[in-house]
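Read through the structure below, which is laid out as C-alpha cells, and then see the notes.
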2 protein chains.
Amino acid sequence: MALIVQKFGGSSVADVEKVRRVAGIIADTYCEGNDVVVVLSAQGKTTDELIAKALQYNPNPSKREMDVLLSTGEQQSVALCAMMLQSMGLPAVSLTGWQVRFVTNSNYSNATITAVGCERIRKELDARRIVLVTGFQGVNKYDDITTLGRGGSDTSAVAIAAAMHADLCQIYTDVDGVYTADPNEVKGAKKLEEITFDEMLELASMGAKVLHNRSVEMAKRYNVNLEVLSSYQRLPGTKVREVKKLEQAAVSGVAKDANVARFTLVNIKDEPGVAFKIFRILANQRINVDIIIQSLGHGNTQDITFTVSRADIATARAALEENRLAIGYDHLDVDDHVAKVSIVGAGMLMTSGIAVNMFDALAQKKININMISTSEIKVSVLVNEDDGDRAVQAIHDKFFGD
Amino acid sequence: MALIVQKFGGSSVADVEKVRRVAGIIADTYCEGNDVVVVLSAQGKTTDELIAKALQYNPNPSKREMDVLLSTGEQQSVALCAMMLQSMGLPAVSLTGWQVRFVTNSNYSNATITAVGCERIRKELDARRIVLVTGFQGVNKYDDITTLGRGGSDTSAVAIAAAMHADLCQIYTDVDGVYTADPNEVKGAKKLEEITFDEMLELASMGAKVLHNRSVEMAKRYNVNLEVLSSYQRLPGTKVREVKKLEQAAVSGVAKDANVARFTLVNIKDEPGVAFKIFRILANQRINVDIIIQSLGHGNTQDITFTVSRADIATARAALEENRLAIGYDHLDVDDHVAKVSIVGAGMLMTSGIAVNMFDALAQKKININMISTSEIKVSVLVNEDDGDRAVQAIHDKFFGD
C-alpha cells in the first residue's frame, strides 16, 4: 500500500485505444491496493491544434486567453479517462487545476508553481477513488487560469507527488527509461536501472528529452522518487533518486548537444572586471552562456571563449559588437559548426582517469577537441559538428562497450 | 450608458467568420458607452461531438464527468471570442462558470441555478473590459462543475442579467424575433415588436423554439427586460417584457404542437378522489399532463380525457392499465393522431369574442374540434393531426390577415 502518482503524456492518451491501455496500467496499480493520483496531458496533438485555431482568431493572442483555451485540452483528457475507468467498474474522479488549488504565479503560459492543495485530492483518495488531475495548468491568486508551459505536466506530477508526500512518481513516456546514450543514434546504448537527480539534470540539459528539467529540479529539491517508464511495455523503467551507490559505474551516460555556437573575443585588454562586463551584457539580453574559457594572457591581452545556443547567435553578436569599445577587444570570432559532447556520472569525482579515458577515445579516432569544461559530475568537450556522432559513439564504446 | 447582457448561441459562434460578426455586434454596443457582458454557447456542433466522443469511452458516462467534458466547449468559445475582440483593439476578458461563482445545485447535466456572483464581473466592467462568460455551466458548493442542460445558455444570460440588474438582456438567435406564427409554416406571419413574459411562455411551451422556457420564467420572476434578435441582421427584434399595453392586439400569436396524444378513460365511477388517483399515478411516472377535460356524468359514470406528450404514451398506458381496477374505469382510448392549436394573448381576457372568432375560423374550414381548453391568456383546441396546419393558417388569417 503506497501513494503513487502516475503521469501520462499526450501521445500515451492520444485516442480511445491508448486511453484504454493507460487505464489498464492505472487499474493494476489501484487494484494492488495503492492510492493512485494520475496526471494527464492533453490528448495527442490537441494543444497544437488549439494554438493553430487561436491564431485564426488573433495572430498575437493574449497569454491569459491562450491559457484559458489550452487548459481545456487536459480537462477533456481527465474527464474521458475517468469515464473509461468507470466503464471498467473502477471509482474515478477528475479534477482540474483550480479544483485541486494548484496555485501558480501570474506568468501566463509559463507560470511557476507556488502551492499545491492536498485537501481535495486527499478526500477523494480516502473515499478510495482514483484521482485524475489535469497536468500543465494551475490557477493564480486572482482565480485566473494559468499554464506551466510546454512539458509542464511532468512538473505538475512531481509537484503533486511532493505536496502529497507520495511514495513514488512514475513518468510514463514513449521510451522505456533513461539510456547511456540516445539509442536511436548510438549503437550499444543501454538502459540504466537508476540514475541520480544531478545526472538526470545534466543529461536532460544536454538534449536527452526524457524528462522536463524543471520536474527533475523539483524532484531533487523535495526528494521525490521518480521513475521513467514506458506506457507501452509493462517493464521496469529507470529510477531517478538520491541513492548512495556502493558499486557504481563512474559514467552514467554520454550525450551530444549540436545546438551550440562558439564565440571568441580576441585580444581583450587584460584588466580586472572585463569578464564581468562581457557576461553582464549577455545576461541583460537573457542569453545563457555555457562553457567559458579564459585563455592565459599573451602580453597584456587575452582571449575569452564561450558557447551559447544557436538561437542566440544574432542577439549575442549584436550586443557584443555594439559594446566593442566598452569591452575593448580586437575582433569577434563566431563558429556555429561545433557540437558539445559530454559524459555524465555521479561517480566521476571519486574515479580517477575518467576524463583521460574520454580524451583517449577521441584521440584514437583523430577527433580534435576545441574546448574542455568539467564539473563535479560532467566532462564536456567541444568538437567540430561533423565529428559529433563519431565522438559520441567512440566515447560510449570506451565506457560501455563489451 | 447601460449595462447590457448579450447571449449568442452555438450557431452564431460556429466558426471564425461568425465570431467576427458577433464581435462586431459586441464592439458596437461597447463603443456606444455601454457595459457589456456576453454569454456564449459552445461553437456549432461542439457539444454534440463531445457527447459522441464520450460514448466511445463509456456507453453510459457519469453525469459529473460529462459535465467536466462538455463545459470545455463554452470555455473555448469565450477564450476565442476574447482573442477576436482583442485583435480589434478592444479590452476583453473571458470568465468561466466557477470564476464568476455561477453556483448551482448538484443535479449534474440539468442543474438549477442557486446564486450568481457579481463581484468578479463588476470588477472587470469597472475596468471597462468586455466580459465574456461561459453559458450553460456552473459550479456546485463542492467546487464541482455542473451544466444546466440543453438551452441552458439562455438561462445563464438571464440569471446574470438579473443578478447584475442589467438594463437589457439580448438573446441573439437564428431568427430575428418572435412571430405571430411559425414563419416557415404560416403565410403572413408577422414579427411582433413586443410580447409579455406570459405570452412568451405560452408560445414557447407550444413549440415556438425561440427561447428556453426556464429563461423566460426567470426573466419574468426578476423582471429582466429581454430582447430576441438576429445575429445576422442589424435589426430590432422582439422585446419581451411586462408592459401595460394601451392599444394592444388581443392575440399575440398562433402556435401548433403536434407532439401530443389524447387519452380517454371511459366510464369511470363518478366518485370523489378519482381524478386525484389518476393524475397521481401519472405524476409518479413523471408524466406531464396538459389539457384535462372531465365530461358530465351519464348515470353514475363519467369520462376523463387528457393530453400527454407522445414520448410518454407507452409509460402512461402501462401505468393506467396496471391500475385499472384501482381507478375503476371501463376501457382506455388513446389517439396519437391529434394536434394542439393555440392562440395566445395577454389582451384576451379583456376582449370578448376572441374564442368565438377562433372557433368560427375553424368552422369555416370545416375543421372539427376534439377538445377545448382556456386559460387567462390562451385558448387551445385539439384537432385531428391532418387538420393541424390548415387550422393554424385559418386562425392566423382570421386574426392577422389584412
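Here, each number is a calculation from the coordinates, and none is a lab measurement. It should be emphasised that the depicted structure is a prediction, and the values quoted were computed from it without experimental measurement. For neighbour counting, all protein chains shown are included, and Cβ atoms are generated from backbone atoms with ideal geometry for every residue, glycine included.
Here are the numbers:
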| quantity | calculated |
| --- | --- |
| Residues B:ASN267 and A:GLN56, FRET efficiency given R0 of 56 Å [Cβ-Cβ distance, rounded to 0.05] | 0.25 |
| Peptide A:69-80 - average C-beta neighbours from other chains (10 Å radius) | 6 |
| Amide N of region A:385-401 lying under 20 Å from the label point, which is placed 7 angstrom from the Cα of A:LYS187 along Cα→Cβ | A:386-401 |
| Straight-distance crosslink candidates among lysines, where the alpha carbon sits under 21 Å from A:LYS269 and sequence neighbours closer than 8 are dropped | A:LYS277 |
| Net dipole in debye of region A:49-101 [+1 Lys, Arg Cβ; -1 Asp, Glu Cβ; about Cα centre; nearest 20] | 120 debye |
| Residue closest to axis [chain A; rotation mapping onto B; Cβ; Å] | A:THR72, 2 |
| Diffusion constant of the protein assembly as shown at 37 °C, which comes from Stokes-Einstein with the Kirkwood Cα-pair radius and 0.692 mPa s, µm²/s | 104 µm²/s |
| Label spacing, shortest first and in nm, from B:PHE359 to its equivalents in the remaining copies (7 angstrom along Cα→Cβ) | 11.5 |
| Counted charge near A:ASP312, where neighbours are those whose Cβ lies closer than 13 Å (Asp, Glu -1; Lys, Arg +1) | +2 |
| Quotient of C-alpha Rg and 2.2 N^0.38 Å, computed over region B:116-230 | 1.17 |
| B:GLU322 paired with B:ALA127, simple spin-label distance in nm, labels 7 Å along Cα-to-beta-carbon | 5.7 nm |
| Ellipsoid semi-axes in whole angstrom, largest first, where each is sqrt(5λ) of the Cα gyration tensor of region B:215-331 | 41, 17, 14 |
| Shielding of B:15-23 by partner chains, average beta-carbon count, 10 Å | 1 |
| Mean separation of Cα contacts under 8 Å (6+ apart) over length of region A:55-190, as relative contact order % | 22 percent |
| Antiparallel %, DSSP beta bridges [both residues in region A:3-173], to 5 | 25 percent |
| Per-bin percent of Cα-Cα distances, region B:3-173 [10 Å] | 11, 42, 34, 11, 1 |
| Averaged over A:86-99, number of beta-carbon atoms from partner chains that fall within 10 Å | 4 |
| Label geometry 7 Å along the beta-carbon vector: A:GLY24 inter-copy distances in nm | 5.4 |
| Using θ = phi - 60° and Karplus 6.51 cos²θ - 1.76 cosθ + 1.60, couplings along region B:388-402 (whole Hz; Gly, Pro as x) | x, 5, 4, 5, 4, 5, 4, 5, 4, 4, 4, 8, 10, x, 6 |
| Region B:139-193 shape via C-alpha gyration tensor axes, a/c threshold 1.5 | oblate |
| 12 Å beta-carbon shell around B:GLN364, net charge (K/R +1, D/E -1) | +2 |
| Chain B, relative contact order [Cα under 8 Å, separation at least 6], % | 13 percent |
| For the protein assembly as shown, with +1 on Lys and Arg beta carbons and -1 on Asp and Glu, the positive-most of A:ASN267, A:LEU229, B:ALA111 along the dipole | B:ALA111 |
| Computed magnitude of the charge dipole of the protein assembly as shown (debye, nearest 20; Cβ of K, R +1, Cβ of D, E -1) | 780 debye |
| Within-15-Å neighbourhood charge of A:ARG20 [Cβ basis; K, R +1; D, E -1] | +1 |
| Semi-axes of the equivalent ellipsoid for chain A, Cα gyration tensor, largest first, Å | 42, 27, 18 |
| Theoretical FRET efficiency, 1/(1+(r/R0)^6), r = Cβ-Cβ of B:PHE359 and A:TYR222, R0 56 Å, to 0.05 | 0.10 |
| Check: region A:3-173 dipole with +1 on Lys, Arg Cβ and -1 on Asp, Glu Cβ, in debye | 140 debye |
| Order by protection proxy (mean Cβ within 10 Å, highest first), peptides A:175-181, A:131-137 | A:131-137, A:175-181 |
| Cα centroid of region B:296-344 to Cα centroid of region B:7-46, whole Å | 46 Å |
| Peptides ranked, highest mean first, by Cβ atoms within 10 Å: ranges B:283-292, A:252-261 | A:252-261, B:283-292 |
| Cross-link table B:LYS63/B:LYS378; A:LYS63/B:LYS123; A:LYS123/B:LYS45, entries beyond 30 Å C-alpha to C-alpha | B:LYS63/B:LYS378; A:LYS123/B:LYS45 |
| Percent of alpha-carbon pairs separated by more than 18 Å within region A:44-91 | 41 percent |
| Positive dipole terminus of region A:3-173, leading residue within A:ILE160, A:VAL36, A:TYR142 (C-beta point charges) | A:TYR142 |
| Helix-only [θ]222 nm of chain B, DSSP H runs n ≥ 4, -39500 (n - 2.57) each, per residue, nearest 500 | -11000 deg cm²/dmol |
| Protection proxy ranking of B:328-339, B:4-15, A:325-336, A:8-19 - average other beta-carbon atoms within 10 Å, highest first | B:4-15, A:8-19, B:328-339, A:325-336 |
| Cβ-Cβ FRET estimate between A:ASP28 and A:SER309, R0 fixed at 51 Å, reported to 0.05 | 0.75 |
| Cα lying deepest toward the dipole's positive end in chain B, options B:THR307, B:LEU203, B:LEU80, charges on Cβ | B:LEU80 |
| Counting DSSP beta bridges with both ends in chain A, the antiparallel % (nearest 5) | 60 percent |
| Inter-copy label distances at A:ALA326 (7 Å, Cα→Cβ; nm, one decimal) | 9.2 |
